[in-house]
Structures are given as structure tokens and as C-alpha cells.
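A.B. asks: Following this message is one structure expressed as C-alpha cells.
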Amino acid sequence: MNIVEVTGLTVRYAGATALDGVDLHVGAGELVALIGPNGAGKSTLVKALSGLVDPAAGQVTVRGRLAQVPEGREMFADLSVDDNLRLGGWRNGRHGRDTAGIYRLLPALDGLRRRRAGLLSGGQQQMVAIGRALMARPDVLVVDELSLGLAPLVVTELIGHLRTLHADRGLAVLLIDQNARLALGLCERAYVLEAGRVVLHGTSDRLRRDPRVTTAYLGGP
Ligand code: ATP
């Protein structure tokens, strides 16, 4: 069963076409990557998944719960980590849900409960953003630019958490990232978006060996 199904999706902004007939799906418990250069339409696709933009054509179907880890993390800087997590539950209609489960899933957050989110490092904030999204007990997590501005070691740690959530909870992930090496490393399948169109898709193994991917996204053959 597909949790996310996008068919023929076209989105236009004031005449400019941001997405042009995009087909994409994420199966239950699947790890899927979406890569592409700046302006390819990745953020627009994320917005369409959450219903924040109206398609000019095509369809978005989400079966089950979808939660987002937004680009830029969007913390409430003056609130504690714990309050940020609770607000995640509130935003997702699960106000008052216990945060204990999140600390079990992401033990690194446990010692940071009372800290002001705005004073955390980028990696710690990204972890809060993941925890906040998990408050909704999603079937699929849409992670927008996980690696942006973070040190490689921190990114490796966050990827490890996503792997564990996938393995232990059957969480499906749609990972959108400009870092193709990272995205293909985590995910089983990937889509390459360029100028609003899916120009390539397939297993990560196959894409890693495709000259069009190695040249444009992996820094040469
Ligand atoms: P980046 O990696 O730089 O965030 P992206 O792949 O997420 O890029 P989008 O932000 O989805 O790309 O943008 C796709 C296209 O739509 C771009 O040409 C962009 O300039 C245009 N666009 C995005 N948002 C708007 C908007 N609100 N109004 C008009 N044009 C927009």
C-alpha cells in the first residue's frame, strides 16, 4: 500500500510552473529520497503534500498520518525543548500527549528537556524538530533538508535515528535533501527532480551508478 501517492501533480505560481506532472509514491515503511538542485520544486512538493499549495492539475493522496520536519526547523526559540515537543503534539491534534516516548526514541534529547530551544546547536534543534514531528505518531515523516548547515558527524547521527525509527517502528520517510550522497545512502529508492519534473527515478543502487547522477550530484564519475 502506498502511504503517499502523487500523480500528475502540477503547481503554478503566478504563471511560473514549479511542478510539472510529477508522479511519485512512498510505500508503507519505505525510505524514499527526493533530490534535485535549487529551484527544482522540492519545497513546492512538500507544501503540496501538506495541502499548503493548490495543484493546478493532478492529485496528492496521503493514506495515514503525515508529519513534517520543516526546512529551517521552526523552533519556538524561547520555549523549552519539552514545550516545543508538546506544541508538536498540539499542532497535530494530540495535545497533552506524553513526551516520555519521544525521549525513549531520541535519548539524546532527554538531557535537554528544560533547555531553551533557541540556545541549542543546529543538530540538537534538528533532533527536536524530528521529535516534535514524531509526537503525531506519523506513518510517514517528510524531512526537508535534514543536513542543511549541519556538521557531517551530526548528520550521520540524525540519519542513524531515522534508520532506527524505520527498522523498529516501520516508519516511512520521504527525505528531501540537496546532499545526494546522503539521501541515496539512507534510502532504498529515489527520485531526481529538475525544473519541476521527475527526470530519473529508481533504486538508490541504480541511481548511484547512473552517469547523469554521478556527474550532476555525486561530484563526478
Ligand atoms: P531550494 O532547494 O532552493 O529550496 P526547491 O527545489 O525547493 O529549491 P521550490 O522552492 O519549490 O524549489 O521552487 C520551485 C520554483 O518555483 C522556483 O523557480 C521558485 O522560484 C518558484 N517559486 C517558489 N515559491 C514561489 C512563490 N511563492 N511565488 C512564485 N514563485 C515561487
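A.B. asks: Answer with yes or no whether Arg65 is touching a Pro at 6+ places or on another chain (Cβ under 6 Å) and either touching a residue at least 60 places away in the same chain (Cβ under 8 Å) or away from the ligand (no atom under 16 Å from the Cβ) (or both).
C.D. replies: yes
A.B. asks: Sticking with this one: Does Gly149 count as of a type outside the set (A, V, I, L, M, F, W, C) and not in a helix (DSSP H, G or I)?
C.D. replies: yes
Here's the yes/no breakdown for (1) under 18 Å from Leu174 (Cβ atoms); (2) open to solvent by 10 Å² or more (accessible area, probe 1.4 Å):
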residue	(1), (2)
Gly21	no, yes
His25	yes, yes
Ile35	yes, no
Leu49	yes, yes
Ala67	yes, no
Met75	no, yes
Asp83	no, yes
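A.B. asks: Here are some residues: Gly21, Gly39, Gly27, Gly72. Which one is among the small types (Gly, Ala, Ser), closer than 30 Å to Met1 by Cα and within 16 Å of the ligand (Cβ to nearest atom)?
C.D. replies: Gly21
A.B. asks: So, in region 68-92, how many residues would count as being in contact (Cβ under 8 Å) with a residue 60 or more places away in the chain and β-branched (Val, Ile, Thr)?
C.D. replies: Residues that pass the stated criteria total 1.
The values are calculated or read from the model by the stated rules, or taken from the named source; none is laboratory data. What you see is a predicted model; the values in this text were computed from it and never measured. Heads up, the Cβs are rebuilt from the backbone with ideal geometry, glycines too, and the neighbour counts pull from every protein chain shown. Note: areas computed on protein heavy atoms with side chains; ligands, DNA, RNA excluded. Shrake-Rupley method; radii C 1.70, N 1.55, O 1.52, S 1.80 Å.
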